[in-house]
Structure formats: structure tokens, C-alpha cells
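The values are calculated or read from the model by the stated rules, or taken from the named source; none is laboratory data. Everything numeric here is computed off the predicted structure, so don't read it as measured data. Using ideal geometry, Cβ is built from the backbone for each residue, glycine included, and neighbour counts are taken over all protein chains shown. Side chains are part of the model used for accessible areas, which takes the heavy atoms of the whole protein and leaves out ligands, DNA and RNA. Shrake-Rupley method; radii C 1.70, N 1.55, O 1.52, S 1.80 Å.
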Amino acid sequence: ALPDKAISMLHLSEFYIVRKDTVQAIKLAKEAKEIALATINNVDLLEAYLLLADIDTENTAQHSRDYISLSNELQKQERAVRNKFARIQFETDEYATENERLSQLQFWLILMAISIFVIAALLLVLRAQREKNKELEFEKAQQSANEEIFNLLLQQQSKIDEGRQKEKERISEELHDGVLGQLFGTRLTLGSLNNKDSEDAKEMRQYHINELKSIEEEIRNISHELSLDTFISQIGYITMVRNLLQDQSKITNFKYEIENDSEIVWEEISSTIKINLFRILQEAIQNINKYAAAKQVRISFERADDHLDLSIVDDGKGFNVDKSRKGGIGIKNMNSRAKKMKGNIEINSKTNQGTEIKVSVPF
């Protein structure tokens, strides 16, 4: 192409300048100039003028004038184009500003119209609703008078039935979670001591005989409907939990760890929450001894804002949670106790991957 040829001629000219062949260099530079003129390639033409002014000493003045003239012309053209674009940009900005102003004005007009329409509609709806409410209040007053006596009778009978049902559930849970768990642990331990006559075995037998006496006392307490407060002894809640784990860990020789959040003030937690958490823990440990064959058990109490969280984790065999939830009274009792505390319980377990029980209750 001709533009490429002009560049090539200029490069060849520079090459001959290096070779000190000025004649050939001038010839090539002039050819490049003619090609640049023919193709209106002002950039190459400027370079050609500049090169000729340097090597064509006889015509240096003419070439310099041509170079200056062309350079000035190009600058004028560039300024004209720049001014034109600046004017276009200015007019465009003015047009955009005006459009934006009109769009905002249109938006506010539409918003005002919608607001007026909505207010008018609300006023009409409120007026109609007020008239309808008067009619409903009159009908409600008549109906309320008729239902009041009937509701009083139903309420009295409902409270009697509810009290009976709650008492049945409480005694059932106390027997299952407390008494049966202790009986199971005591039975296993005494069974393992049947063939031992050492002093330690005798002491352990005596210890568990005393445990049976304690179980007997607990059954008596349940039958006499003692309050939940009497269950929490003065030794402290965490100490009671530690004693439970210490006794139960001897049955299957699992190791245990207890984590207690220092922000929990157990004296400020209601007895209802503490007893139900303790019963859930009893049930979980009993199931670990029965089925899990766990080597490690971790218990943690944590305060999270206005909730108290209990976590029970073991590394045992695990189980099918859905199947156990449908048929196991233990898991049903756990869910029942969590519901009593207006909390929730989550049980996660997989075969050969251990079990995690999370209980979260508001306090």
C-alpha cells in the first residue's frame, strides 16, 4: 500500500544517511514526500520535510518553511476540531441537564398524583370500614354474651383435663429419664461385680446399694409430687452434672469433658430450665451407655444473647435419627422437654460417625 511505501522510503533514506550516501537519501526522502502528498498522509509528510531539511542542505530553508506551514495548518485543523467537539459536548450536557430536570419534574408530578389517589382511596376505605366495624361490634356483643357462659364451662373442664394430662406426662418423664436411667446404670454395674470378691468390689456393691436407696427415695418424691425446686440441690448445677457423668462413665468407661460458659449465672436460671436440661442430659447419657459404645463424650453449656445452649457430642456408633424419632420414647421425651421450655432440640447422627444433640432455650 502507498502509506506503507512512504514509511519504507523514509526508513531507507535514514539507512543511506547512515551509509553517508546523501544523494540516494535525498532521492528516497523526496519520493516519500511525493507519496505522502498523493495519499494526504500529513504525518509522513511532516517527517519527510523534517528529514529533507536535515540532509538537503541546498533547500533546507524551503523544506523548513514547508514543515512549519504544514505543522501550523495541522494545529489549526486540530484546534477547530477540538473546539467543535467541545461545543457539541457543551450542548449535549445542556440537553442532558434539561432532560434530567424535566424527568424529575415529571417524577414528582406522578408521585403527587399517586399520593393524592392513594390518600383518597384510603379515606374511602376507612369510612366504609368504620361503618362496617360498627355493625360487627354490635353483632359481636350479642355473640359474646351468648358464648361467655359456655366458654366458662369449657375452660373449667379444660383446666381439669390439662392438669391431669400434664401430671401424667411429668410423672412418666421423671420415671423414664431419672429413675430408669439410674436403675439401668446400677444394674449394669452390679452385674459386672457379681463374680468379684475384692474390697473394691464390695465397696462398689455397697455404693450401688445406696444408689438403689436413692432411687427409692426419688420414686417416693415423685409420688408425693414434690416441686422441681427440690430436685436442684445446694451443691451447684455444674457439680450435679459432673457427678452424673462421673457415675455414668464408670458403666462403659467413656471419657468425658464438660465446658461451662463463665457468662452463665446458674442461680439466675429458672429451676424449670435446669431440671429439664438435666433430664435431657440424663436421657442422652443413658442412650450412650446403652447403644453408642462411645469412647469420648463432650458436654458444653453456652450463653448466646438471650438463649442458653446445651451441646452433647459423642464419638459412638450413631443411629438413624428419623427411625428413632418415630419410635423412641427417649427422643420423644427430649422433644417434649424442649417444647416445655419454649426451646428447640436438634439431633444429628450418622452410622459410625457419632451423635450430636443441640438444645437451645430462651431464659
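Within the stretch 43-67, the set of residues being polar (S, T, N, Q) and either touching a strand residue (DSSP E or B) at 6+ places or on another chain (Cβ under 8 Å) or open to solvent by less than 50 Å² (accessible area, probe 1.4 Å) (or both) comprises 60, 64. When the helices (runs of 4 or more DSSP H) confined to the stretch 175-286 are screened for residues that are surrounded by fewer than 17 Cβ atoms within 10 Å (Cβ to Cβ) and at pLDDT below 85, those reaching at least 1 such residues are found at 181-192, 199-223. Selection over the stretch 332-363 of residues that are free of Cβ contacts under 8 Å to residues at least 40 places away in the same chain, part of a helix (DSSP H, G or I) and crowded, with 19+ Cβ neighbours inside 10 Å gives a count of 0. Residue 329 satisfies every condition listed in (1) open to solvent by less than 40 Å² (accessible area, probe 1.4 Å); (2) more than 24 Å from residue 236 (Cα to Cα); (3) more than 30 Å from the chain's Cα centre (by Cα); (4) at pLDDT below 90 except (1). Would it be correct to say that residue 46 is modelled with pLDDT of 85 or more and either among the aromatic types (Phe, Trp, Tyr) or at negative phi (or both)? In short, yes.
Please determine, by comparing only the residues of the stretch 307-322 that are charged (D, E, K, R) and part of a loop (DSSP other than H, G, I, E, B), which one is nearest to residue 262 (Cα to Cα).
Initially, the stretch 307-322 is screened for residues charged (D, E, K, R), giving 309, 314-315, 317, 322.
Okay, now just the ones that are also part of a loop (DSSP other than H, G, I, E, B), so 315, 317.
Values: 315: 26, 317: 32 Å.
Here the residue is 315.
Looking at residue 31, is it assigned to a helix (DSSP H, G or I), of a type in the set (Asp, Glu) and either under 25 Å from residue 18 (Cβ atoms) or open to solvent by 90 Å² or more (accessible area, probe 1.4 Å) (or both)? When the stated conditions are applied, residue 31 passes them. Of the residues making up the stretch 277-313, those that are over 17 Å from residue 363 (Cα atoms) and among the aromatic types (Phe, Trp, Tyr) number 1.
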